[in-house]
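I am attaching a structure below and will ask some questions about it afterwards.
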Amino acid sequence: MTEVELEAIRRIIREELSAAGAVGDLLTLAQAAALVSVSEATIKRWLRDGVLVRHGEGRTVRISKRQLLEVMARQESSPVSNAELERMADAALGRAV
C-alpha cells in the first residue's frame, strides 16, 4: 500500500469514529460508573437495555462519555416510572426479578 492509500484509510477511520462520537471520550465500565455515581452493574444493565451503546469488541467494553452524560441529563429531568420503582425495590430487597 502506498502512503497516499494509507492516509486515505486513516482519514476514513477518523471520520467514522468522529461520526460515532467515539474519539477521545470512551470510558471503561469502572470509569463510567464512577463518573455518574452508579454501580458497574447499572452501566451493564443500561448497555443490555439499549440505553447506552457499547463500543469495543470481545471483552473490551467502552462507553461514550458524551452519551453517558446525555443519558444522565435526561434521567434527571424525567420522573421515575412505577415499573422502574418496582424494579429498584425488588433489587434492593433481593427479590427475584
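Run V51 past the list (1) assigned to a loop (DSSP other than H, G, I, E, B); (2) at pLDDT 90 or above; (3) out of contact with any helix residue (DSSP H, G or I) (no Cβ under 7 Å at 6 or more places or on another chain) and report the number of the one that doesn't hold.
So V51 meets the others, but not (3).
Take T28 and tell me if it is within 30 Å of I13 (Cβ to Cβ), of a type in the set (S, T, N, Q) and within 11 Å of the chain's Cα centre (by Cα).
Yes: the conditions hold for T28.
Look at the range 54-71 and say how many of its residues are assigned to a helix (DSSP H, G or I), in contact with an Asp or Glu (Cβ under 8 Å, 6 or more places away or on another chain) and surrounded by 15 or more Cβ atoms within 10 Å (Cβ to Cβ).
So the count comes out to 1.
The values are calculated or read from the model by the stated rules, or taken from the named source; none is laboratory data. Please read all numbers here as calculations on a predicted model, not as lab measurements. As a convention, Cβ positions derive from the backbone with ideal geometry for all residues, glycine included, and neighbour counts pool all protein chains shown.
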